[in-house]
C-alpha cells in the first residue's frame, strides 16, 4: 500500500510505499473534507450539477502516481502542490492500483508550534479493516480519547 505524506512548507504530497513490493498504475484522488458539499435545495438539477462541478474543482485533486518501487518515496515536482489552503489539512485519499483499492484518512493540525499528524489506512471494500494507523503523540484526541476521524 501507499500512504501520503505532506510538506507544509511547499504543499507537495509525497507518496510512500509501506512494504517491499512495487505497485503499478497507482492513482490518488485527494479530497479536502473541509470544503462543504453543495446542497440541492432551491436549484434545478442543472443548477445542482453546476454546483457539484464547482465543488469538485475546489475539493479534490487527482494525481497519477504511476509505478513505484517497494520501500520507496515519490515526491511530486514543485508544480504538484496541493491546491488547498494551508489551513485545511483534513484529507481523505482514495488510492487505486492494479492490485486493488484502499483509502487513507489524513489529518494534520498545528500544536504548540509544531505539526501533529494522524493517518489511518483501510481497505476500500472493508472500511473497518485497518491496515495501518499512525498517530503522533501530540495529536489532539476527542473526549473519548480517540482520534476524531
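Numbers for the structure displayed
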quantity	calculated
Global geometry of the range 1-120, whether rounded, prolate or oblate, following the gyration tensor of its Cα atoms and the 1.5 cut on a/c	oblate
Rel. contact order, % - alpha carbon contacts under 8 angstrom, at least six apart, the chain	23 percent
Two-site label geometry, residue 141 and residue 21: point separation in nm, points 7 Å out along Cα→Cβ	3.4 nm
Inter-site label distance for residue 109 and residue 148 at 7 Å from Cα along Cβ, in nm	0.7 nm
Gain on full stretching of the segment that runs from residue 41 to residue 14 - 0.36 nm per residue minus C-alpha separation	5.9 nm
Estimated FRET transfer efficiency when R0 is 30 angstrom, pair residue 75-residue 128 (beta carbons, to 0.05)	0.40
Overall form of the range 28-86 per C-alpha gyration tensor (a/c, 1.5; a/b vs b/c)	prolate
Candidates 121, 26, 130, ranked by Gaussian network fluctuation over the chain, Cα under 10 Å, top entry	130
By average C-beta atoms within 10 angstrom, highest first, the peptides 28-34, 70-76	28-34, 70-76
Residue of 69, 112, 100 that the Gaussian network model of the chain assigns the largest fluctuation, springs spanning Cα pairs under 10 Å	112
Value at 222 nm in deg cm²/dmol, rounded to 500, when DSSP H runs of n ≥ 4 in the chain each add -39,500 (n - 2.57)	-3500 deg cm²/dmol
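Here, each number is a calculation from the coordinates, and none is a lab measurement. Treat the numbers as computed from the prediction; the structure is a model and nothing was measured. FYI the Cβ positions are ideal-geometry reconstructions off the backbone, even for glycines, and counts take in every protein chain you see.
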